[in-house]
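Below is one structure; the comments refer to it alone.
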Amino acid sequence: MKYIACFISSVLLLIFVENSFAVTLKELLAEAKSSYPLLKEQAYKKDAQYLRYKSSFDPYYPSLDLSLNYNRYLQSEINPLQDDKGYFGFSVNLGYKLYDPKRAFQKDASNYSFLIEKQNLSVVEKELFRQVKELYYRILGEKMILSSRNEAFKAAEKTYLLAQAKREVGLAKLSDVYQAKVRMENAKLDLVTSKNNLSKLIYELSSICNRRLNETDFEETLSVFEVPLKEEQLFNIALEKREELTREKLLEQRLETDKQTVRGDFLPQVVASLSYNRYDRSFFPSPDETRFGLNLSWNIFSGFGKYYRYDASERDILSQKQRVEETKRVILLDVKKTIEDFNSNLERVKVSEEILKSATQTYQQSFEEYRVGKGDILTLLQAEINLSAARESKISALLLLYQSKTTLERALGIISFEDM
């Protein structure tokens, strides 16, 4: 019995320890980052593009070619007097491009493609963080709504019990009891709905983070806060941090290198080569030949295509410059609208707090008046409903404030204001 008691105590202690630590938003973001499939997919794309960039260094290396061959003449099979039945050949060629006008720009273009994929990875990562943060704040808000509805249910139950007690002593009508009971059952139904909503939100966040979560893991509460930076500072941060703008600028630079690559069609190439050849009737022949070559190739004219391609590349660059300007405009507009939403939601929280104070005072007064027989049940029930709505209105305003904060962080291209 002593060992059984110790075992049960250990199990209970483990359960207590497991559930006694609340999960933090940073932990959830880290777990989502390490397990989210779409983020891993983009990471592999980035790595693949980096390897392509590494392969673009090949034109800077010399080339070494080895050739072994054997030739047999059919005439020797037809005419036995001929003994030239077959020949063996062996050659080694070492070549190096002394001058190639395209290779530097092709390497740079590949590097820009890698940097673009790197920005795409950052976009997916920050979109994931935005999704996790929104779910996290919605869970906190739903927990607060659940607590509010639990208080509303207790208040409705308290009113119902008071109506029953007054009915038993002849101080209240039977309709008062029925109306109080209806209100209590509606409050209970709201409570069940809130529990269901909370469970679904937790399931969704658990799926993204690949971690089993439950209601007790979330202990933080939503509170009022303000953005610590001025509007002009937020604009500058967005222009610096937003991946979309960085990506468009990189694409413009890559188009510049593409233009220089096309320009290389107008220039010559110079290749140096060193070759060694052996050729005879036996596999280990004695005659050999060593040659050094220097080759300059220059296409003077092969049509007008390269001229048109060069002009087209200039148009592509001009087009991309306009895309960069449009991206700046959209980003600044996005930040401006999000700031307005944030300020509006902040004001909404302040107004909802005042409404909650008034609703609380009204309910307390209505309950006391009904208790002493100076008020009616309808006034009390309406005050109770108004109080419950005021609580949820404040929580909804807080949740909107946090959602606008998350949206503003995404519009600025940052993870969170706390990390700045």
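Values quoted throughout were computed directly from the atomic coordinates according to the rules given, and no laboratory measurement underlies them. Owing to the predicted nature of the structure, the values given are computational and were not obtained by experimental measurement. So basically every Cβ, Gly included, is an ideal-geometry build from the backbone, and we count neighbours across all protein chains shown.
Considering only 221, 201, 191, the residue lying farthest towards the positive end of the dipole of the range 145-286 is 191, judged by Cα position with unit charges set on Cβ. Semi-axis lengths, largest first, of the ellipsoid equivalent to the range 280-393 are 89, 25, 11 Å, with √(5λ) applied to each eigenvalue of the Cα gyration tensor.
What you get for the chain, charging only the Cβ of Lys and Arg (+1) and of Asp and Glu (-1), is a dipole of about 440 debye around the Cα centre. Summing Lys and Arg as +1 and Asp and Glu as -1 over all other residues whose Cβ lies under 10 Å from the Cβ of residue 58 gives a net charge of +3. When only the Cβ of Lys, Arg, Asp and Glu is charged (+1, +1, -1, -1), the dipole of the range 348-420 relative to its Cα centre reaches about 100 debye. The stretch between residue 44 and residue 332 holds 100.5 nm of extra length on full extension. This uses 0.36 nm per residue minus the Cα-Cα distance. Take the Cα radius of gyration of the chain and divide it by 2.2 N^0.38 Å, N being the number of residues; the result is 1.76.
Cα-Cα over 28 Å: which of 26/154; 336/357; 133/350; 40/336? Write out the running numbers ahead of the final one.
Details: 26/154 35 Å; 336/357 32 Å; 133/350 23 Å; 40/336 33 Å.
Where the Cα-Cα span goes over 28 Å, the pairs concerned are 26/154; 336/357; 40/336.
Quick one: net charge around residue 337, please, counting Lys, Arg +1 and Asp, Glu -1 for every other residue with C-beta under 13 Å from its C-beta.
-1
Projecting the Cα atoms of 301, 359, 343 onto the charge dipole of the range 298-363, computed from C-beta unit charges around the Cα centre, puts 301 farthest toward the positive end.
Relative to the dominant Cα principal axis of the chain, helix 305-371 is inclined by about 10°.
Taking a Cβ cut-off of under 12 Å around residue 326, the surrounding Lys, Arg, Asp and Glu residues balance to a net charge of +1, with basic ones at +1 and acidic ones at -1. Residue-wise HN-Hα couplings along the range 207-212, as the Karplus relation 6.51 cos²θ - 1.76 cosθ + 1.60 with θ = phi - 60° gives them from phi, are 5, 5, 8, 6, 8, 7 Hz; Gly and Pro carry x.
In the chain, helices alone account for a calculated mean residue ellipticity at 222 nm of -25000 deg cm²/dmol, with every DSSP H run of four or more residues adding -39,500 (n - 2.57).
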